[in-house]
1. From the phi angles alone, apply the Karplus equation (6.51, -1.76, 1.60; θ = phi - 60°) to segment 40-51 and give each ³J(HN,Hα) in whole Hz, x where the residue is Gly or Pro.
2. So which residue, out of VAL71, VAL16, VAL43, gets the largest mean-square fluctuation from a GNM of the chain using Cα contacts under 10 Å as springs?
3. Order these by the 10 Å Cβ neighbour count, fewest first: CYS6, CYS28, CYS95.
4. Can you work out the Karplus-derived ³J(HN,Hα) for every residue in segment 11-16? Use 6.51 cos²θ - 1.76 cosθ + 1.60 with θ = phi - 60°, whole Hz, and x for glycine or proline.
5. Once the convex hull of the alpha carbons of the chain is built, what does its volume come to per residue, in cubic angstrom?
6. What does the extension gain come out to for GLU97 and THR26, with contour length at 0.36 nm per residue minus their alpha carbon separation?
7. GNM on the chain, C-alpha springs below 10 Å: top fluctuator among ARG90, ARG55, ARG19?
8. Show me the GluC sites (Glu not before Pro) within segment 1-65 that DSSP assigns to loop and that have at most 12 other Cβ atoms within 10 Å of their Cβ.
Amino acid sequence: MSTCICSCGESAPHEVARRTTFDGQTVCLWSDGTLTAIMGLYVAGIGRKRLPMERLWEIANEAALMTMDEVVEQFQIHHAIERRLQRRARRHEACKEIVA
Ligand SMILES: [Zn+2]
C-alpha cells in the first residue's frame with residue numbers, strides 16, 4: 001500500500017479527484033490513498049491514514065449523499081476492514097513459514 005503509482009504514471013502523491021459532500025464540504029482524493037479537505041488539509045478522524053484506491057473511490061462515489069461526518073465514518077470502517085485483512089494475510093504468511 002505504501003508504493004502506489006497512479007494510473008496516470010505519476011509516482012509522487014497528487015490529487016486525483018475532488019467531491020462535494022451532502023453538507024457542502026470538499027473532499028480530495030490523493031493518489032497515495034489519503035483523503036483530505038481542500039488544500040490537502042488533514043481531516044479530523046482520518047489524518048494521514050490511507051486506503052487502497054478502490055476503497056477511496058467507493059467513498060467518493062457516495063460522497064454527495066453523505067455528510068462530512070459520514071465520510072469520516074465510512075473511511076474509518078474501510079480502514080478497519082483493511083487492517084483486519086492485512087493482519088489475516090500476515091497470519092497466513094506465518095503459516096506458510098511453519099509448513100515450509
Ligand atoms: Zn495520477
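We did not get these values from a lab; they are worked out from the coordinates using the rules stated. In this text, all values refer to a predicted model and were calculated from it rather than measured experimentally. So basically every Cβ, Gly included, is an ideal-geometry build from the backbone, and we count neighbours across all protein chains shown.
1. Once rounded to whole Hz, the list reads x, 6, 5, 9, 4, x, 10, x, 8, 4, 10, 10.
2. Between VAL71, VAL16, VAL43, it is VAL16 that shows the largest mean-square fluctuation.
3. Values: CYS6 15, CYS28 19, CYS95 10.
Final ranking by Cβ density, sparse to dense: CYS95, CYS6, CYS28.
4. Along segment 11-16, the couplings run 8, 6, x, 8, 6, 10 Hz.
5. Details: hull volume 10.4 nm³, N = 100.
Spread over its residues, the Cα hull of the chain gives 104 Å³ apiece.
6. Contour length minus the Cα-Cα distance gives 21.0 nm.
7. Judging by the Gaussian network model, the answer is ARG90.
8. Numbers: sites: GLU10, GLU15, GLU54, GLU58, GLU62; in loops: GLU10.
Sparse-neighbourhood loop GluC sites (Glu not before Pro): GLU10.
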